[in-house]
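*Asks:* Here it is, the structure in full.
The values are calculated or read from the model by the stated rules, or taken from the named source; none is laboratory data. Everything numeric in this text was worked out from a predicted model, so none of it was measured. Don't worry about glycine lacking a Cβ; one is built from the backbone with ideal geometry, like all the others, and counts go over all protein chains shown.
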Amino acid sequence: MGKKNLTSRDLQEYQGNYDEQSFWKKLRKVASRAGVKVVYYALVLFYTLTDENTPAKYKAIIAGALGYLILPLDLIPDFLPFAGMADDWGALLAAVTYVTTAITPDIKAKAKLKLKDWFPNASGADFGDLQ
């Protein structure tokens, strides 16, 4: 996973590590440390994964990226300041890039609504290119 440009195959390798309960547990645990953009992208991917209109091949990529996110041990341990979430961010960003056509305005709205649980003042530029 230490590649600079992740492939969809790289991401799919981790899909067996994904489960919804672990995703929410991990997201709650790292939200403040990860920051608005990382949490927002993770939420967008989650809601894209659960959307019945998302193609199966995209769901495999998303499950892989979210599976990598929830792994307790990954390339860069999450507890390290600043760098700890870098590899997780890379996996999320790669997945969003691969599945961007499946991300609807409704999915983004759901993610923004849920994001308010952790970041009540988040808006605009906080969401990066995925507004």
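*Asks:* Looking at (1) crowded, with 20+ Cβ neighbours inside 10 Å; (2) at pLDDT 85 or above, which one does L11 not meet, given that it meets all the others?
*Replies:* In the conditions (1) crowded, with 20+ Cβ neighbours inside 10 Å; (2) at pLDDT 85 or above, L11 misses (2) alone.
*Asks:* Can you find a residue that is modelled with pLDDT of 90 or more and either buried (at least 18 other Cβ atoms within 10 Å of the Cβ) or not charged (D, E, K, R) (or both) anywhere in the stretch 67-75?
*Replies:* yes
*Asks:* Let me ask another. Quick check on this structure: which one of A91, A86 is surrounded by fewer than 19 Cβ atoms within 10 Å (Cβ to Cβ) and at pLDDT below 95?
*Replies:* Checking each option against the conditions leaves just A86.
*Asks:* Oh, and also: Taking helices (runs of 4 or more DSSP H) that do not extend beyond the stretch 8-61, which have at least 1 residues that are acidic (D, E) and either more than 13 Å from the chain's Cα centre (by Cα) or under 22 Å from F127 (Cβ atoms) (or both)?
*Replies:* 8-12
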